[in-house]
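Each remark here refers to the structure printed beneath this line.
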Amino acid sequence: MTAETELNEVRGGAEPDIVPPPRALPAMSPKARRAVRISALIGLIVVLVTVIGLAGAWASRAYAPTRRGWTCFPVSRGGLMCQNIVSWYHGRSYGRTECVEALVAAAGHLRGRMPGAKVAYMDASDANGGRFLKHRSHRDGVDVDVQYIGRTGIGEPYPASPAIFASGYRQKYDRSGHAEDITFDPGANWLFLEGLHEQKALRVEAIFVEPYIREWLLRAGKEMNAPRELRQWASSVLTYAGAGAGDHKDHFHVRFAKE
């Protein structure tokens with residue numbers, strides 16, 4: 001074999017694999033296109049009906065007949081939000097109008113000092129008061145459960161938006177200050193208390209918390225150099241509901257005065 005022949009064999013080598021061009025998708029038949037359009041239209045109608053239904057429920061709930069001077073708590077207003085909407089839909093979020101105004105004012109104070117933080121309420125009272133399932137109180141429109149404010153793993157305030165199915169009652173903080181991956185934020189919760197103290201809509205009578213959480217809050221007020229009068233007020237209203245009551249590891253139970 002000559003050198004030229006050997007060189008030609010090396011250059012030629014094996015023939016490269018030939019990649020076939022991708023197959024073109026078969027054209028969609030007119031019948032299939034029509035079916036896709038109909039499915040999309042049905043999906044859009046379902047979404048619209050759901051939105052309209054929720055809006056109608058919201059409006060009817062907000063203006064439903066109830067006790068004089070009472071109202072339905074808003075799903076979201078001025079930094080105050082519902083946690084959770086299913087409970088709200090079942091009529092567990094009524095109370096005196098002044099309670100709403102007081103909480104909105106407290107939420108505004110919190111947001112002014114800590115942008116992004118919000119106040120999430122849970123159970124309040126039934127539309128016409130009286131016996132309230134799973135609670136010994138909440139009968140007179142002046143009791144509202146408010147979820148403690150926490151921080152996520154990346155430092156964001158929690159909760160951050162109204163919840164549909166989640167419930168703040170599941171976010172229980174242990175003595176280490178953790179509730180799963182959420183960390184209790186003493187400073188943010190103290191600012192909420194500060195907002196409750198400064199609002200003028202309705203006087204706070206008591207705020208039920210766990211004893212160890214009370215300690216965290218009072219320590220936060222001291223570390224934040226809060227005025228002595230404010231710290232004395234907090235010390236007087238922050239109290240333990242007692243061993244016979246449900247725990248308050250996940251929420252403030254704020255009781256406003258009936259005056």
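The values are calculated or read from the model by the stated rules, or taken from the named source; none is laboratory data. As the structure is a prediction and not an experimental result, all values here were calculated from the model. Here the Cβ positions follow ideal geometry from the backbone for every residue, glycine too, while neighbour counts run over all protein chains shown. SASA here: full protein model, heavy atoms, side chains in, ligands and nucleic acids out. Shrake-Rupley method; radii C 1.70, N 1.55, O 1.52, S 1.80 Å.
Determine whether Glu194 is in contact with a Leu (Cβ under 9 Å, 6 or more places away or on another chain), among the acidic types (Asp, Glu) and under 26 Å from Gly112 (Cβ atoms). Explain how you work it out, then say what you get.
On the way: in contact with a Leu (Cβ under 9 Å, 6 or more places away or on another chain): yes; among the acidic types (Asp, Glu): yes; under 26 Å from Gly112 (Cβ atoms): yes.
It is true that Glu194 is in contact with a Leu (Cβ under 9 Å, 6 or more places away or on another chain), among the acidic types (Asp, Glu) and under 26 Å from Gly112 (Cβ atoms).
Report, ordered by the first and then the second residue, all pairs with beta carbons closer than 6 Å, sequence separation of six or more or different chains, a first member in segment 203-229 that is within 16 Å of Ala106 (Cβ to Cβ) and modelled with pLDDT of 95 or more, and a second member that is of a type outside the set (Phe, Trp, Tyr) and assigned to a strand (DSSP E or B).
Qualifying pairs under 6 Å: Glu205/Arg255; Ala206/Thr239; Ala206/Arg255; Ile207/Leu238; Ile207/Val254; Val209/Leu238.
Which of the residues spanning segment 126-178 are assigned to a strand (DSSP E or B), of a type outside the set (S, T, N, Q) and surrounded by 19 or more Cβ atoms within 10 Å (Cβ to Cβ)? Even if it seems obvious, please write down each step before you answer.
Going residue by residue through segment 126-178, those that are assigned to a strand (DSSP E or B) are 143-147, 150-151, 157-158, 163, 178.
Imposing the further condition that a residue be of a type outside the set (S, T, N, Q) reduces the set to 143-146, 150-151, 157-158, 163, 178.
Hits for segment 126-178 are Asp143, Val144, Asp145, Val146, Gly150, Tyr158, Ala163.
Suppose we filter segment 87-122 for residues that are free of Cβ contacts under 8 Å to residues at least 40 places away in the same chain and under 20 Å from Trp190 (Cβ atoms); how many remain?
The total comes to 4.
Tell me, which residue of segment 212-226 that is aliphatic (A, V, I, L, M) and not in a helix (DSSP H, G or I) is nearest to Met114 (Cα to Cα)? Break it down into steps so the answer makes sense when it comes.
Filtering segment 212-226 for residues aliphatic (A, V, I, L, M) gives 213, 217-218, 220, 224, 226.
Going one step further and asking which of them are not in a helix (DSSP H, G or I), we end up with 224, 226.
On the way: Met224: 14, Ala226: 16 Å.
Residue satisfying both the conditions and the ranking: Met224.
Scan segment 170-205 for residues that are of a type in the set (Lys, Arg) and closer than 20 Å to Val142 by Cα and jot them down. Give the derivation first.
To start, the set of residues in segment 170-205 that are of a type in the set (Lys, Arg) comprises 170, 172, 175, 200, 203.
Scanning segment 170-205 gives Lys200, Arg203.
Scanning segment 82-117 for residues that are closer than 23 Å to Asp247 by Cβ and not in a helix (DSSP H, G or I), which turns out most open to solvent (accessible area, probe 1.4 Å)?
His90
Residue-wise test of (1) modelled with pLDDT of 75 or more; (2) closer than 30 Å to Asn128 by Cβ; (3) out of contact with any His (no Cβ under 8 Å at 6 or more places or on another chain).
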residue	(1), (2), (3)
Lys31	yes, no, yes
Ala40	yes, no, yes
Ile52	no, yes, yes
Trp58	no, yes, yes
Gly69	yes, yes, yes
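Please verify whether segment 192-204 includes one or more residues that are on the phi < 0 side of the Ramachandran plot, open to solvent by 40 Å² or more (accessible area, probe 1.4 Å) and touching a strand residue (DSSP E or B) at 6+ places or on another chain (Cβ under 6 Å).
The answer is no, given that none of the residues of segment 192-204 is on the phi < 0 side of the Ramachandran plot, open to solvent by 40 Å² or more (accessible area, probe 1.4 Å) and touching a strand residue (DSSP E or B) at 6+ places or on another chain (Cβ under 6 Å).
When both residues are 6+ apart or on different chains and their Cβ atoms are under 7 Å apart, which pairs have a first residue that lies in segment 66-86 and is within 23 Å of Met114 (Cα to Cα), and a second that is open to solvent by 10 Å² or more (accessible area, probe 1.4 Å) and of a type in the set (Lys, Arg)?
Gly79/Arg111; Gly79/Lys118; Met81/Lys118
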